Structures are given as C-alpha cells and as structure tokens.
Amino acid sequence: MKMKPLLGALFFLYLAAVVVAQPRPNIVLIYADDLGYGDVSSYGATTIKTPNMDRLAREGLRFTDAHAAAATCTPSRYAMLTGEYAWRKKGTGVLPGNAAMVIDTRQTTLASMLQKAGYTTGVVGKWHLGLGPQGGPDWNREIAPSPNHIGFNYSFIMAATGDRVPTVYVENNRVVGLDPADPIKVDYTKPIGDWPTGKANPELLKMHPSHGHDMTIVNGISRIGYMTGGKAALWKDEDMADVFTSKAVQFIEQQKAKPFFLYFALHDPHVPRVPHPRFVGKSGMGPRGDAILQADYCVGEVLKKLDQLKLVNNTIVILTSDNGPVVDDGYKDDAVEKLGQHKPAGPLRGGKYSNFEAGTRVPFIVRWPGQVKRGVSNALVSQIDFLASFAAFTKQNLAQADAPDSYNVMSALFGKDKTGREHLVEQASVLSLRVGNWKYIEPGRGPKIIANTNTETGNDPNGQLYDLASDMGETRNLAAQHPDKVKEMTARLQKIRQDGRSR
C-alpha cells in the first residue's frame, strides 16, 4: 500500500524527531561522608577493598585532583547545591541538629534547576543544611522549609548527622513514625526532659565518647545535643544504611520511566560508626573500616538496581565525598588502634578540618558508558561546579545572581578537557587558593594540630605556598623562595572575596 505524500513526509519527520529526542540521562550523585582520598582501593588503598566503588572507576573516569568546596560537611553541601562558596554566607558552618534551613528558598539550586529541565528530583540520606524557619523546626508539625522547598520532589533524610539529635528520619516534611502523644523536644544549650546522658550515665553506653558527644543517649550511644520524646520515631543506627539504601533504590524504581536526579547522601563512614552486624569485623580495621565496607555495599545496591532496570547506559553516576577523612572524631571505636598501615588520606597531608589538600581533595568518579571517557583524569574540578555544568548540559540558563562561583566544567567531567578549572578556592579554618598546581594558604593563627582529632590544620601565621606538581604532600613551603607568586595569589584571593562572585 502506497502512503500518501503528505502522510509519508509526516511519518519520516516523526521518525527523525524520535531519533533526535533521545531521553536525557538520569543523574545519580552518591555523596559519601568523611570518605578520604586513600579510603578507596581504586585510589590506592590495599588494607581495605571497595569493589563497587572500584567498578565505577573501572567503567568511568577517576579524578585525582577533584575537590569538595570545604573541609567540613555543611559548607561543602551548601556550595555543592547552590554553586556559591559557603564562606560568602554567614551561618553555613557545621550546624547543630536543630538549625534553621541555610539555603534561601529563592536561591537556584542544583535540584531546582534540574526540576526546570524536566527531572524528577529526590534526596535520600544525610542533609545537614538546616530545616524550618529562623529559630529551627517544630519537629511535631509539618517542617518548612525543607529540601522539598528548594527543588526536591521527594526527600527522606536525617536532619544533621548521626552524632547529633534529633535521631529521627524526616520524609517529605514530616518526622517518620512520630506519635503525636509523644512530642519531640530538642535543645543544644541545656538539658531537657529526663533521658539519660553519656556524661551522667556512662554505664548505659555501648559506645563511649572520646571527646564531647556525651549528651542524650539514644540506642546506647550518647550524642551532641539534648532530646526527649519521639520514642516511636527513633532510628536504629545499625539499620541506617539499609534504610537509606532501600529508599534510594525505591526512588530509582519509581522514577525509571522518566529522567530523574537522585542525591544519595550516605552517612558512612561518619561517626558514630555502627555498621549493620553483617559488616562488623569484616574489615579488620574496626568500625571505621567496617563502615567503609558498608558504604561500598550501598553503592553496589544502587548499581545493581540500575543494572536490573537496564538504565546503566542512560544514567550518569557520580561518586564523591563531602570532605576528607578523620579517624578519631569523637568516639572510642578502635579507629586509631586498628588503623594499621592504612592511610585514609593516601599521599595527601591533613584531613577533615585541614587547610592541607586532604581536607578537600576527595575521591571523585564519573560514569556514563559510551559518553564519559574511561580512565584517569588530573583535571582540577570541584563539586561546586555541578550546578553550572549540568545547567549547560541540560540547556538551562542561569541568571547573573545564580551559582556565583560555579563553572561549566562538563567537558572535563566527560574526560574531553584535561585541565578543568583554572583556579579554585578551598575552605577550612582559612582560605586557600589553587591556580593550576600552585597552592597558596593564607595566614592562619589557630592551632597547628586539632588535639581531639590529631589533625594537622595547616595554620601558619606567615602563609604558605606549595607546588603540588612536585610536592603533592605539601612538605616544602616555597613562600620565601617565591614572594612575587605569594603576592600575586594573595591579591587574587582578595579580589575573589571582594567581588562577591568568581563566575
């Protein structure tokens, strides 16, 4: 049967449109907590094996000079979602569990931008960017603002961290499983209620604090902050990774037919490290090592679901961490005693809280089969660039005020550009400026060692200059030999500060 000319032309136009309008790839961002550059076997770890993270590295692009925006969690997460250096905004330091939301609902975020691009967006896991209005949330009512008010269609989160109260999950603005007859009260300034504390009742603890962390006891672990009420809603630490992973996998299953963005924020290996019994003792490195194995398992479950749904070739997966590693971060969990030959920061100096590279240089792997070049990249990239990069990728226009410090580095993320960013500001106790392989750390008058965590801060009252091309471990301060370079980088860092934006 012959097709009429007009119908034939329309038919072929339709076929052409189908070919051109390929679905946009899904985006899965897996964000580990306190996972160090040397904690992953594809980055050189030998004591511990991370086969699922290694699979991503094998099938994708592994970056050797990729960074969180800060050496601690709240500012890293703020910068990653907003494209703005957190040091530009007051109140973005490490937050208590009852803090108000620090992202303005009028700000463009990675999630809201992708929503406009047609993505269904979800966040599962650790939040730590505050909830509710000024003064903090009322845990017994609908909580607003929340992730759902800054671009996420779905949220299942913990408010802050496992070592901070309230120890409950929040799903789409409501505490999960809350009994209205047992309201939650939280205070970070004074004790409330009659729940026991680690300080007064150490005999009730199954994990003891090494410093701080001696307030309200929940599940045999004393936390930061005081809490009472909400007994039916309390989480069990041992089940947390499974709960978050099941919600992440469920989101992928439910959204499989259309483009989705999943921000899966793992809690591991952050303290308190209380992995599920099936991981206990498996690493030989105590709870920290076991928690890394658990984090790797969570990554594997996501990859397994993408395999099962045949979404691998249409999904960009990014694995990274919010800051560098810390060994003793508040609990006696044998992390120091059982560290052995393992080096959480690998060849880098410092760690979480530090101005040295291990504070912000983290594992960073991108996989998109057939699109992202496989191998290793030395390009300088940062998580703060996700917003501008994915905006360009999805053909979204950013306003002048949006993402003031985010650059489009998508060509580097795909392995086509070997340079990446021309410069980058790193945030810890002071600011550092990277320009190529040069790194300048501005003068800092704080302590050189954080006594509680035994972390080198990188503070020096005279400032420091390193050539990372020949001295990745930052062992030779070249400031005295290159005063002109110090002057140049000091002036540039000051200009970035004063301009209010770098994009």
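Every number in this text was worked out from the coordinates using simple rules, so none of it is lab data. Treat the numbers as computed from the prediction; the structure is a model and nothing was measured. Cβ: placed from backbone, ideal geometry, glycine included. Neighbour counts: every protein chain shown.
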Entry for Rg/Rh (Cα atoms, Kirkwood Rh) (calculated from the structure that is shown) out of [x] 0.99; [y] 1.01; [z] 1.05: [x]
Ranking of Ser222, Ser42 by count of other Cβ atoms within 10 Å, fewest first: Ser42, Ser222
Span-like helix ranges in the chain, DSSP H, alpha carbon extent 15 angstrom or more, Kyte mean at least 0.0: 5-20, 240-254
Two-site FRET efficiency, Ala200 against Ile449, from Cβ-Cβ distance with R₀ of 30 Å, rounded to 0.05: 0.50
Rounded Å value of the spacing that divides the Cα centres of segment 223-268 and segment 295-368: 18 Å
Exposure proxy order (Cβ contacts within 10 Å, fewest to most) of Arg58, Arg24: Arg58, Arg24
Cβ-defined net charge surrounding Glu142, 12 Å radius [Lys, Arg +1; Asp, Glu -1]: 0
Fewest-first ranking of His128, His149, using other Cβ atoms within 10 Å as the exposure measure: His149, His128
Positive-end residue of Ile450, Ile496, Ala428, charge dipole of segment 424-499 with Cβ unit charges: Ile496
Separation of the Lys373 and Arg141 label points, Cα + 7 Å toward Cβ, nm: 5.5 nm
D_trans [Stokes-Einstein, Kirkwood Rh over alpha-carbon pairs] for segment 28-106, 20 °C, 1.002 mPa s, µm² s⁻¹: 146 µm²/s
Amide H within-cut-off set for Val218, under 5 Å, with H built and near neighbours excluded: Arg223
Nearby aspartates and glutamates by direct alpha-carbon distance to Lys199 (threshold 18 angstrom, same-chain neighbours under 8 apart not counted): Asp163, Asp187, Asp214, Asp329, Asp333
Extension gain, Thr490 back to Asn172 (0.36 nm per residue minus Cα-Cα distance, nm): 110.0 nm
For segment 163-178, Karplus couplings with θ = phi - 60° (6.51, -1.76, 1.60), whole Hz, Gly/Pro x: 9, 10, 7, x, 8, 9, 8, 10, 10, 6, 5, 10, 5, 6, x, 6
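So what is the diffusion coefficient of segment 284-374 in µm² per second by Stokes-Einstein at 10 °C and 1.306 mPa s, using a Kirkwood Rh over Cα pairs?
My calculation gives 104 µm²/s for D.
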Hz values of 3J(HN,Hα) by residue in segment 151-158 - Karplus curve (6.51, -1.76, 1.60), Gly and Pro given as x: x, 9, 6, 9, 9, 9, 9, 9
Largest-first principal axis extents of the Cα set of segment 424-499 (Å): 35, 30, 20
Magnitude of the charge dipole, segment 424-499, Cβ model with Lys/Arg +1 and Asp/Glu -1, debye to 20: 180 debye
Nonlocal amide H pairs with Ser321, under 5 Å, H built at 1.01 Å: Ala32
Sequence-distant residues sharing a close amide H with Gly125 (under 5 Å, placed H): Phe156, Ile157, Met158, Ala265
Residue-averaged 222 nm ellipticity for the chain, from DSSP H runs of 4+ at -39500 (n - 2.57), nearest 500: -6500 deg cm²/dmol
Flagged links, alpha-carbon separation over 30 Å, of Lys416/Lys487; Lys116/Lys247; Lys185/Lys305; Lys258/Lys418; Lys247/Lys448; Lys126/Lys231: Lys416/Lys487; Lys185/Lys305; Lys258/Lys418; Lys247/Lys448
